[in-house]
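Take a look at the structure below.
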Amino acid sequence: MAEYEAAIAGDDALSQQLGVPVAAGWLDFRDALDFWLKLVRADAGLLPWTLYGYFDRTSGEMLGGGGFKGRPTGAAGTVEIGYGLAPAARGRGLATEAAAALATWAYDQPGVGLVMAHTLPTENASTGVLRRAGFAHVGEEVDPDDGLVWRWEIGRPELAAV
């Protein structure tokens with residue numbers, strides 16, 4: 001939880017906490033960190049279903065973050081993934097690798113029957129990331145926080161083919 005507190009304080013504090021450089025612009029939704037920190041403090045079992053950092057394998061620099069919007073829900077055991085990278089880290093396949101890794105990890109957990117993601121309802125970098133990671137566009141829906149979005153899903157067989 002110290003990492004959450006440091007990330008809320010800013011990139012310099014997070015860099016000091018982690019002991020590695022943090023790329024500028026690694027997180028587009030810093031305000032959400034305070035919300036997640038409160039939830040995790042109330043229920044530490046939620047921690048695996050929140051945010052992970054993405055690090056450069058060579059330099060150790062933190063390049064981005066992503067994870068889940070909470071535990072599996074509904075009869076299908078659905079989890080939603082999200083991800084983001086610093087502008088300097090984009091275009092290298094890292095987000096695709098991260099999306100596939102999140103889906104793989106999720107399907108290895110008990111109770112997960114479906115991994116999905118939302119994007120803005122237009123072709124963009126995230127739609128390409130999800131396609132390359134093996135996700136299929138399955139339609140549109142209205143998200144209570146984001147409005148109209150495209151829904152993407154990946155099943156276990158599709159993941160195995162990536």
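Given the alternatives [x] 12.6; [y] 10.5; [z] 9.6, mean projected area of the Cα convex hull in nm² as computed for this entry is given by [z]. When each of the peptides 72-78, 112-118 is scored by how many other beta carbons lie within 10 Å of its residues on average, the order from highest to lowest is 112-118, 72-78.
The convex hull built on the alpha-carbon positions of region 52-141 has an orientation-averaged projected area of 6.3 nm².
Quick check: net charge around Trp36, other residues with Cβ under 15 Å of its Cβ, Lys/Arg +1 and Asp/Glu -1? Value of the local net charge: -3.
Here, each number is a calculation from the coordinates, and none is a lab measurement. Quick caveat, the model's predicted, so the values are computed rather than measured. Please note: Cβ atoms are built from the backbone with ideal geometry, for glycine as well, and neighbour counts cover all protein chains shown.
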